[in-house]
Amino acid sequence: MKNENPTQYIPYACQDISDEDIAAVVSVLKSDFLTQGPKIVEFESKLSAYTGAAHAIAVCNATAALHLCCMAFGLKQGDYLWTTPITFVASSNCALHCGASVDFVDINPKTYNLDPIKLAEKLKWAKKNNCLPKVVIPVHLAGQSCDMKAIKALSDEYGFYIIEDASHAIGGDYHDKKVGACEYADASVFSFHAVKVFTTGEGGAITTNNAELVNKLLQLRTCGITRDQTQMEGGSHGAWYYQQLSLGLNYRLNEIQATLGISQFSRLDDFILKREGIVAKYNEQLDKNNLILPYVKPNIRSAWHLYVVKVREDSNVCRKDLFDYLRSKNIGVNVHYIPVHTQPYYQNLGFKSGDFPISEDYYAHAISLPMHTRLSMDEQDYVIKTVNGYFK
Ligand SMILES: *Cc1c(COP(=O)(O)O)cnc(C)c1O
């Protein structure tokens, strides 16, 4: 029977856990290793094989992954990191944790990703003013890769490191390569938080083609210590011996999480197909007179972590009213994101509302509709009917 009015709350995002996932986790709980063991290594090799990057390093979440990358690139006081205002706060907080400064580059009005044209203008200005960034973090919003060829060309010209925040984009493609292949970036960062494309509960990873970076990341991930004799200063004292060579943290993933990740990974491509099916239906049926639907550039396959629509400027409906109405109808809409520079913490650093007008305009109109692999046809029909009905 068709459920016309699902009474159950429909979340904007939701994990998709199978019986196989549960069985895999139960089996690892009965195994010899819960913290560091073979499953992490297996998960990492699956990630590097899938993305096409030479190396993958699993960590406890993407926030930690971003911080570790910044540490490994030597970001410090006096340095600048640039990113987009339309992201989760972790993409810029990583600079502050290293004592560095943050600045932002406004977004492209169609893709909502960091705009390479604005980046080029700002770099020209920064060169004159002697404040070029050491690191730029493009964020692949909603699962669509940024214009990495253009950003890489600017990195070649101005000499900054590129860390892709691909937290939304595992499974996506950029010009016939998987996101995370690092053809146009020094490192890519992924999140396996429960709301993301696939999950390890909490979890994250870094991919890179830079072997030297891998050694630094591995050390920093585990308190700055190494057990590798070839890296030690002086000789080993014996089989128990380790040395601390840098000031790191405990940012490790564990065997339970890695096991869930391996099991989820086997369904990643199916997850993306399912998300694409949901997108096709939204694109076809949502009210385009009142909503701007997502735009994806040619040669990009989005991983569709999010489905973000904008309420049109000339619609007689305002976003907040639509949001409140949909929530009242048990539809778990959300907003991604509040521009980071408007957060009180960042305003205290000197940023002002009005600094990044395209981001602020986007924020005023954006709304994320339910987008996850357990969204049923009936639920999606209900979402579409409810959204479109509000404009009538
Ligand atoms: C989720 C997310 C993060 C942080 O991921 P965690 O794994 O929760 O630490 C960072 N950046 C973006 C863009 C995200 O969406």
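Only the coordinates and a few stated rules stand behind these numbers; no lab work does. Worth saying up front: this structure is predicted, and the values here are computed from it rather than measured. With ideal geometry, Cβ positions are generated from the backbone for all residues, glycine too; neighbour counts draw on all protein chains shown.
Data table
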read-out: Under 21 Å from Lys128, Cα to Cα: lysines that are on another chain or at least 8 residues apart; value: Lys118, Lys152
read-out: Among Ser18, Gly143, Val105 the positive-end extreme of the charge dipole of segment 1-151 (Cβ point charges); value: Val105
read-out: Listed peptides 297-309, 118-130, 259-271 by packing density, highest first (mean Cβ within 10 Å); value: 297-309, 259-271, 118-130
read-out: Net charge of Cβ neighbours under 15 Å - reference Thr259; Lys, Arg +1; Asp, Glu -1; value: -3
read-out: Gain upon complete extension [Gln231, Glu183; 0.36 nm per residue less C-alpha separation]; value: 14.5 nm
read-out: Proximal aspartates and glutamates relative to Lys149, as straight alpha-carbon distance under 16 Å, when same-chain residues fewer than 8 apart are discounted; value: Asp115, Glu157, Glu164, Asp165, Asp173, Asp176, Glu183, Asp186
read-out: Loop-located GluC sites (Glu not before Pro) in segment 233-315 whose Cβ has at most 12 other Cβ within 10 Å (DSSP); value: Glu233, Glu313
read-out: Environment charge of Val214, counting only residues whose C-beta is closer than 13 Å and scoring Lys/Arg +1, Asp/Glu -1; value: -2
read-out: Residue-averaged [θ]222 nm for the chain, counting only DSSP H segments that reach four residues, each worth -39500 (n - 2.57); value: -11000 deg cm²/dmol
read-out: Restricting segment 1-88 to GluC sites (Glu not before Pro) in coil, as DSSP defines it, with at most 11 other Cβ within 10 Å; value: Glu4
read-out: Unit charges on C-beta of K, R, D, E only; dipole of the chain, Debye; value: 480
read-out: Rounded tilt (10° steps) of 38-51 against the dominant C-alpha axis of the chain; value: 60
read-out: Nearest-0.05 FRET efficiency for Ile338 and Lys392, computed from C-beta distance (R0 22 Å); value: 0.15
read-out: Stretchable slack from Asp381 to Ile22, in nm (0.36 nm times residue separation minus alpha-carbon distance); value: 126.2 nm
read-out: Whether the chain is rounded, prolate or oblate, judged on the alpha carbon gyration tensor where a/c under 1.5 counts as rounded; value: oblate
read-out: Set of aspartates and glutamates with alpha-carbon distance to Lys320 below 19 Å, sequence-local pairs under 8 removed; value: Asp287, Glu360, Asp361
read-out: Of Lys310/Lys385; Lys124/Lys352; Lys288/Lys385; Lys281/Lys385; Lys110/Lys385; Lys196/Lys216, those spanning more than 20 Å from alpha-carbon to alpha-carbon; value: Lys124/Lys352; Lys110/Lys385; Lys196/Lys216
read-out: Label zone at Asn316, where the point sits 7 Å out along the Cα-to-Cβ direction: segment 358-381 residues whose backbone N lies under 14 Å; value: none
read-out: Prolate/oblate/rounded call for segment 45-154, Cα gyration tensor, a/c under 1.5 rounded; value: oblate
read-out: Hypothetical label at Asn289: residues of segment 307-321 whose amide nitrogen lies under 17 Å (7 Å Cα-Cβ projection); value: 311-318
read-out: Lys, Arg +1 and Asp, Glu -1 on Cβ, resulting dipole of segment 189-303 about Cα centre, debye, nearest 20; value: 260
read-out: Cut-off 14 Å between beta-carbons: net charge of the residues surrounding Ile225, Lys and Arg +1, Asp and Glu -1; value: +2
read-out: Rounded if a/c under 1.5, otherwise prolate or oblate - segment 122-185, Cα gyration tensor axes; value: prolate
